[in-house]
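S.K.: Pasting in a structure now, in structure tokens, and then I'll have a few things to ask.
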Amino acid sequence: MSAWIEMVPDEQADGRLKEMLDNARTPHGTVDTVMRVHSLRPETMNGHVTLYRSVLHSKDNVLPFWFLEVVASFTSILNDCTYSLTHHFMNVRNLLRDQKRSDRIFLALKAHRPEEEFSGKELALLRYAGKLTTSVGKMVKSDFEALKIAGCDDGEILEVNQVCAYFNYSNRLLNGLGATTENDVIGYYKGDD
């Protein structure tokens, strides 16, 4: 784990910090840097873990998990956040299990041209996430209406809105504190073998 900010190691954690680190552990027993950067203020770690799990890992989500990870990756590309892109595009690869398609998606997103791999509702949602990330102050009702015309329901729009909003928060946290993926386990999902 690596960042510009001081991070408390497990062996020095006690009380509330130990409790929060245990809550933030991945299924393989480690705490990724994205959570450990909060170790000087454990309550922000608690809020971050809760927000992350409710946004990306909710059983109530109806959009495919791989697509929500694409939204996370596109947001992270637009914010130039290598940390989140590394973690979450590996998740896209693991979930799709199609190397060629994953490569095409990655190249399209990196070129800021999601239309090269997506159409219809998915493309509309990616365009929405793009504008929400790069021009949030210019969002207008017609941006929302375009999603409805493309066939999105309000729940799907909310899912993408929340994934995009979360990653805008997380990207700023990570880039602002100089976090790297050093010693993180990349692209691990509960249920991976």
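Every residue, every condition in (1) touching a helix residue (DSSP H, G or I) at 6+ places or on another chain (Cβ under 8 Å); (2) surrounded by fewer than 18 Cβ atoms within 10 Å (Cβ to Cβ); (3) of a type in the set (D, E, K, R); (4) assigned to a helix (DSSP H, G or I), yes or no:
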site	(1), (2), (3), (4)
H88	yes, no, no, yes
R93	yes, no, yes, yes
R101	no, yes, yes, yes
L107	yes, yes, no, yes
E115	yes, yes, yes, yes
L123	yes, yes, no, yes
K131	yes, yes, yes, yes
E159	yes, no, yes, yes
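S.K.: Next question. Would you say L40 is under 21 Å from N175 (Cβ atoms), touching a residue at least 24 places away in the same chain (Cβ under 8 Å) and not in a helix (DSSP H, G or I)?
M.R.: When the stated conditions are applied, L40 passes them.
S.K.: For the range 138-160, give me each residue that is farther than 15 Å from V71 by Cα and in contact (Cβ under 8 Å) with a residue 40 or more places away in the chain.
M.R.: G155, the sole residue that qualifies.
S.K.: Now for a separate question. Just the residues that are assigned to a helix (DSSP H, G or I), among the charged types (D, E, K, R) and surrounded by fewer than 19 Cβ atoms within 10 Å (Cβ to Cβ), please, taken from the range 43-86.
M.R.: E43, R53
S.K.: Given the conditions (1) under 17 Å from the mean Cα position of the chain (by Cα); (2) of a type in the set (S, T, Y); (3) farther than 18 Å from A165 by Cβ, report the number of the one that T50 does not fulfil.
M.R.: (3)
S.K.: Take G151 and tell me if it is surrounded by fewer than 17 Cβ atoms within 10 Å (Cβ to Cβ), of a type in the set (G, A, S) and more than 23 Å from A108 (Cα to Cα).
M.R.: So G151 fails the test.
S.K.: Here's a follow-up. Can you tell me which residue within the range 19-47, out of those that are among the hydroxyl-bearing types (S, T, Y), modelled with pLDDT of 95 or more and out of contact with any His (no Cβ under 8 Å at 6 or more places or on another chain), is nearest to V160 (Cα to Cα)?
M.R.: Step by step, filter the range 19-47, then rank; the result is T33.
S.K.: If you don't mind, another one. Considering the range 11-22 alone, what residues qualify as being surrounded by 15 or more Cβ atoms within 10 Å (Cβ to Cβ) and either of a type in the set (S, T, N, Q) or part of a helix (DSSP H, G or I) (or both)?
M.R.: Passing the criteria: L17, M20, L21.
The values are calculated or read from the model by the stated rules, or taken from the named source; none is laboratory data. Only a predicted model underlies this, so the values are computations on that prediction, with no experimental measurement involved. When we count neighbours, we look across all protein chains shown, and the Cβ atoms used for this are built from the backbone with ideal geometry, even at glycine.
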